[in-house]
Amino acid sequence: MADKNVAEGSFQEVLIEDGFFVLKIQNDGAQIQKVVRDINSSFIQFHFCLKGSAKFIFNDGRYALDVSEENSLLLYNTQMDLPMNLELNPNSWLVSVVMTIRKFHSLFSKEADYIPFLSADNKDKKYYSQEGVSPAIAVILSQVMNYNLHPSIKELYIKGKVYELIALYFNKSDDADIEQCPFLVDEDNVRRIRKAKEIIISRMAEPPTLSELSEEIGLSLKKLKEGFKQIYGDSVFSFLFDYKMEYARKMLETGQHNVNEVGLKVGYSTASHFISAFKKKYGTTPKKYLMALANG
């Protein structure tokens with residue numbers, strides 16, 4: 001290959017069932033890793049970037065789509081094959097879920113209209129969607145990459161996780177795409193609600209009350225609550241709780257902070273309160289979570 005900084009890469013492929021598989025692609029080296037795999041137009045593709053970044057190249061290099069850390073890319077085109085032609089940057093991890101559109105339909109057959117591109121109007125169109133990865137999905141991706149299980153149950157475990165992943169990917173409120181389409185609601189309100197999100201994140205250790213927040217952004221309490229739920233699919237404090245737990249999980253993973261320090265950083269005055277919050281979110285204690293990662 002002419003480019004010295006590009007290496008041919010490999011990936012681990014796990015067959016979930018006929019017409020449905022997962023690719024785990026890791027590049028822990030210092031060179032860009034190129035991964036190629038045939039995928040025809042009968043498949044829908046979900047690509048999740050856990051860390052680093054990657055580039056999907058189409059039409060012999062004439063078109064490319066980037067996916068960066070904690071973002072996902074959905075690809076679907078009934079008109080043409082979209083083979084995987086991927087350049088994975090150094091120190092990057094990607095999980096790809098690929099299934100036939102027939103299999104995909106069967107997952108949602110009773111409520112196919114719930115998924116926007118399964119509607120009659122969209123079934124023959126191409127569909128590309130780039131969006132962020134939620135904290136809940138980030139945890140599943142980490143589990144898919146790091147599990148340490150007996151070979152006899154490995155495929156069953158992955159199968160369960162992938163179904164969970166797809167379910168959470170589509171677990172959006174009816175109006176969750178308003179943030180991408182602000183013209184659907186009052187643009188000024190959307191801007192204020194985004195500001196509310198930024199405020200609670202920047203002051204997560206000591207967040208304002210809802211009344212203080214509504215005053216600060218200049219929206220009534222009712223509009224703040226309704227608008228936040230519409231745009232982010234969750235209440236203000238439920239969203240903040242998820243964000244804090246994800247932030248804490250990442251801090252713990254660096255290995256540079258103890259449980260007490262992490263708890264204080266996200267607003268828990270005692271380690272025990274933080275531990276019980278973490279357990280409520282992830283079903284395990286911070287210490288056990290780190291042990292599971294270490295043994296992964």
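The values are calculated or read from the model by the stated rules, or taken from the named source; none is laboratory data. Just so it is clear, the structure is predicted and the values come from calculations on it, not from any experiment. As a convention, Cβ positions derive from the backbone with ideal geometry for all residues, glycine included, and neighbour counts pool all protein chains shown.
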Exercise for the section: For residues that are more than 22 Å from the chain's Cα centre (by Cα) and either over 23 Å from Ala136 (Cα atoms) or among the hydroxyl-bearing types (Ser, Thr, Tyr) (or both), scanning just the range 222-250, find the one that is surrounded by the most Cβ atoms within 10 Å (Cβ to Cβ). Expected result: Leu224
Completion exercise
Contact list, first residue from the range 20-46 and under 20 Å from Leu141 (Cα atoms) and in the same structural domain as Val144 (by TED's automatic domain parsing), second anywhere and of a type in the set (A, V, I, L, M, F, W, C) and in a loop (DSSP other than H, G, I, E, B), beta-carbon distance below 6 Å, six or more apart or interchain, is Leu23/Phe11; Ile25/Phe11; Val35/Phe11
Handout entry: Leu219 at pLDDT below 95, touching a Leu at 6+ places or on another chain (Cβ under 8 Å) and surrounded by 14 or more Cβ atoms within 10 Å (Cβ to Cβ)
Key = no
Exercise for the section: Could you tell me whether any residue of the range 136-159 is among the acidic types (Asp, Glu), assigned by TED's automatic domain parsing to the domain that holds Val98, at pLDDT below 90 and part of a helix (DSSP H, G or I)? Expected result: yes
Handout entry: Test result for Lys103, more than 21 Å from the chain's Cα centre (by Cα), more than 26 Å from Tyr63 (Cβ to Cβ) and modelled with pLDDT under 60
Key = no
Fill in the blank from the handout: Exactly one of Ser68, Ser72 is within 14 Å of Ser129 (Cβ to Cβ), among the small types (Gly, Ala, Ser) and assigned by TED's automatic domain parsing to the domain that holds Asn146, and that one is Ser72
Handout entry: Filter result for Ile231 (over 27 Å from Asn171 (Cα atoms) and among the hydrophobic types (A, V, I, L, M, F, W, C))
Key = no
